[in-house]
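The values are calculated or read from the model by the stated rules, or taken from the named source; none is laboratory data. Note that the structure is a prediction, hence the values are computed from the model and not measured. Note that each Cβ is placed from the backbone with ideal geometry, even for glycine, and that neighbours are counted across all protein chains shown. These accessible areas exclude ligands, DNA and RNA; they are computed on the full protein's heavy atoms, side chains included. Shrake-Rupley method; radii C 1.70, N 1.55, O 1.52, S 1.80 Å.
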Amino acid sequence: MMRDVSLSGRPLTHLACAIAALLPLAVSDGALADEAGVSFWLQGQYGSFAAVPSNPGWSFESTFYHAKAATSAGVSFARGGGFQAGMKSPTDFVMVTPTYVFTTPVLGGQAAVGMTALYGRNTTSVSATLTGPGGASLSGSRSDYVIGFGDLYPAATLKWNQDVHNFMVYATAAVPVGVYDPTRLATMGLGHWATDAGAGYTYLNEQVGFEWSAVVGLTYNSINPYTQYRSGIDAHLDWAISPYLSEKLHIGAVGYAYNQLTGDSGASPALGGFRSRVAGVGPQIGFFFPVADRGGYLNLRGYYEFDAKNRLEGWTTYVTFSLEAAERKPGESRPARPTTLPR
């Protein structure tokens, strides 16, 4: 981690000393909603066919995720000074999710359980200028880089099918075992437990060649034991829509909306209970293909983020490969359906 601090203006006074003491706090996690501007829910993780049941047995999914995001300047700072901050945090990681889909129905639906692990890198840099009411100013910048494993994400789903209508409920959690250090800018883990639950719907008409999906959920964050900071309750919506160009190919649009319902609490009370929001939209393309006796599926989708508040925004990209369990009924053939689980 490198640090470079420069001073300008009149000689350093007691006020400027106080500003200097606040700088590491201000540029690390105080000015963004959800601690460090990062939420548990990964926006856009649900896409097409989200609520469609799949073949019973073991399935596998791997996803490459790339995000290039930054914050805008001009965040107000309490106690008589002006605070301007800029943060950049490009992230790349690979998620791997084995899933088991049960044969025996549960409440008339298809149950599945899985676990997601991820490995990747995060680079975070921040810069800030604090100006006191007397004109004294302090500028600084920090950067950090980390590579390693993230948290673990167990999940469970229950899905029902009624002709072209498909329904789903899900629950997932974050187990804080990933690389995390509260004194560093870059991180691969949250540092605290979190739980999330929600419901989804997919309309899938294979005769017409059309599909659309939507998944909504709520996130509850536990207090971070390292910082005594608790992020607020978050609401999120992921959606996708796609017509088929052929039996093996579909294209369309994807999007998400994220909104923090309650403010943060805990450490840094002077900064207030910030709330964040962001939305994203973009294109997608998906391919179906056989892999031995299993069904394979490859999906590429990207999101342009907008309407961000107290949060990073930029571009995000997903490349997902799914391998469904083998067909159990001889002679039954259909394109693979990704066994979608949160994370």
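Annotations for the structure displayed:
- Only one of the listed residues (PHE102, PHE93, PHE40, PHE83) is of a type in the set (Phe, Trp, Tyr) and modelled with pLDDT under 70. That residue is PHE83.
- Count - residues of segment 229-242 that are open to solvent by less than 30 Å² (accessible area, probe 1.4 Å), touching a helix residue (DSSP H, G or I) at 6+ places or on another chain (Cβ under 9 Å) and either in a strand (DSSP E or B) or free of Cβ contacts under 8 Å to residues at least 12 places away in the same chain (or both): 1
- Residue match in segment 260-272 (condition: open to solvent by 50 Å² or more (accessible area, probe 1.4 Å), polar (S, T, N, Q) and modelled with pLDDT under 95): yes
- Count of segment 88-117 residues, restricted to those that are farther than 29 Å from ASN166 by Cα and open to solvent by less than 40 Å² (accessible area, probe 1.4 Å), is 4.
- Enumeration of residues in segment 153-166 that are farther than 16 Å from VAL101 by Cβ and hydrophobic (A, V, I, L, M, F, W, C): VAL164
- When residues of segment 20-36 are limited to those that are buried (at least 21 other Cβ atoms within 10 Å of the Cβ) and among the small types (Gly, Ala, Ser), the one modelled with the highest pLDDT: ALA36
- Residue in segment 312-326 that is at pLDDT 70 or above, part of a loop (DSSP other than H, G, I, E, B), within 28 Å of VAL169 (Cα to Cα) and open to solvent by 40 Å² or more (accessible area, probe 1.4 Å) present: no
- Taking segment 284-311 as the range and being within 30 Å of GLN260 (Cβ to Cβ) and in a strand (DSSP E or B) as the test, the residues that pass are GLN284, ASN299, LEU300, ARG301, GLY302, TYR303, TYR304, GLU305, PHE306, ASP307, ALA308, LYS309.
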